[in-house]
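Heads up: the structure comes next, in C-alpha cells.
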C-alpha cells in the first residue's frame, strides 16, 4: 500500500519559486509531495488555521510583513503545524529569532537540494508529532492532576513547591499563588506540634492550621516523580482523628469505670467477706476448735485477693491522674509492676515537671504502662527502668528493660501494643522510637514538645 503524500504549504509572495520547489520535491525517491501555494500573510495564516498540511515552508519576506511575524501570530493562535523558515540571505540574527519563536528549521533558498529538503521536512513532521503526543500526555496529566480528589503537591529537591492542584489549595486554605511561594518547611512552621516528617521513607504526618484558624490533621506519602521533582499526595484525616480521639476517650472512661467498680463494688464486698472471715476465726479460736486455722487462712487469702483487686483498680484508674500528677502515677505503676510481676522497677522523674493537660498525662501513663507490660510479657524482662525528663523544650519519657530485645524486622510493628503506643503518641503530638538498650533489651522513648502539656 502506497504511503500517503506529504502535504506541504508554501507561503511566499513570489509565485516564481513554486515551480522550482515542486521540481525539487519531485526528485525525492520513494515519496510523494503535494504542494499548495499562497502568496500573502493573510492567506498563509488562514491556510494554517485550517490545519490541513503536514509542514509549512514560510518565506522570510511577505510584502509588508515578515515570516517571523506570521510565525509569532501562529504561535499565539496555537497553530501546531511545523514551520520551516526560507530566506534568500544567511542572517544569524534572523536564524536566532526564528529558533526562539519555535521554527522547525531555517534554510537558504539557493542551497536547497532534494535529499536535504526531504530530511528537514521529515524531521519537522516527526518532531511535531512527538511534541503533539507529549502535549496530549501533558493535558491528560493536567486533567488528572486538577480533577484528583486527593490534594497533590509537587516539589523540587530544595523542597520548594513547583505545582499544586485545587484539592491541595482547598485543604490548606491557600491560593495556588500563595502555595507556590511556600516550601515544606513553611508547612511545618504552621504545625501546632512537631510533625512526623519522614519524607525519606515516603511517609509523614502533619497538623496544619489554616489561615482561618481551623486545624486539620494531614497524612502524606511522597515519591520521586523525576529528577528534581517529588510528588506528595496528602490526605485529610481530621475526621478520623476526631473519631479516634472520641473512641480513646470512651475507652479511658470505660477503664476508669471498671477500675472504680473493682474498687467500690468488688473491693467493698471482699472487704466485708474478709471481716466476716476474721470474726469467724476469732469465734472458733474462742471455742478452741481446730477449724479456726482454716478460717484464718481463708481470711488471709481474701485479703491477698483484695490487695490484688486494688492494684488492678489503680492500674485501670490511677486516682492521681485526676490531678495530672504524672510522677505519682508512674510511681504507682512501678509499684504495681514490682508486686504483680516480681520484677525490679526503678523510677526517675524530674520533680519540676508539671503537666496541666489531663489527656497528655493519661496518654503518657498508658504508653509507659504498655511499654513496661510488653517488656515483661514478650521480652521476659526482669529489670525495668522508667524515667521522665525534660530536654531542649521537650518531655522525654523512657522505658528501658533487660529483656530479649527487639523482635525480628518482619514482626516489628505488627503487634497491637506498639500500634496503640504510636496512636496514643500521635494523639498528643508526640513521637515514639524503639532502640536496643544498654542492658540488652529495648528502650522505648516518647518525645513530646513542652508546649503541648
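Every number here is computed from the coordinates shown, using simple stated rules; none is lab data. Just so it is clear, the structure is predicted and the values come from calculations on it, not from any experiment. Please note: Cβ atoms are built from the backbone with ideal geometry, for glycine as well, and neighbour counts cover all protein chains shown.
Each label was represented as a point 7 Å from its Cα along the Cα-to-Cβ direction; for residue 240 and residue 358 these points are 2.9 nm apart. Between residue 36 and residue 122, full extension at 0.36 nm per residue minus the direct alpha carbon distance yields a gain of 29.2 nm. The listed peptides 435-444, 379-388, 346-355, ordered by packing as a protection proxy, come out as 379-388, 435-444, 346-355 (highest mean of other Cβ atoms within 10 Å first). Note on the stretch 321-453: Kirkwood hydrodynamic radius from all Cα pairs is 14.7 Å, rounded to one decimal.
Going by C-beta contacts inside 10 Å, put 445, 323, 76 in order with the fewest on the left. Display every interim value, and only then the final one.
On the way: 445 17, 323 11, 76 8.
Least to most surrounded, the residues fall as 76, 323, 445.
Angle of helix 67-76 to the longest C-alpha principal axis of the chain, folded into 0 to 90 degrees and rounded to 10: 30°.
Within the stretch 6-145, antiparallel bridges make up roughly 10 percent of the DSSP beta bridges whose residues both belong there. Distance between the C-alpha centres of the stretch 222-244 and the stretch 363-410: 30 Å, rounded to the whole angstrom.
Return the percentage of antiparallel bridges among DSSP beta bridges fully within the stretch 321-453, rounded to the nearest 5 %.
Values: 21 of 27 bridges.
DSSP beta bridges in the stretch 321-453 are roughly 80 percent antiparallel.
By the helix-only formula, in which each DSSP H run with n ≥ 4 contributes -39500 (n - 2.57) and the sum is divided by residues, the chain has a 222 nm mean residue ellipticity of -15000 deg cm²/dmol. By DSSP, the beta bridges lying fully in the chain are antiparallel in about 70 percent of cases. Counting pairs of Cα atoms in the chain, how many percent are more than 35 Å apart? Summing the P(r) tail past 35 Å for the chain gives 59 percent. Relative to the longest principal axis of the Cα atoms of the chain, the long axis of helix 238-261 makes an angle of roughly 10 degrees. Pairs of Cα atoms nearer than 8 Å and 6+ residues apart set the relative contact order; for the stretch 1-82 it is 37 percent.
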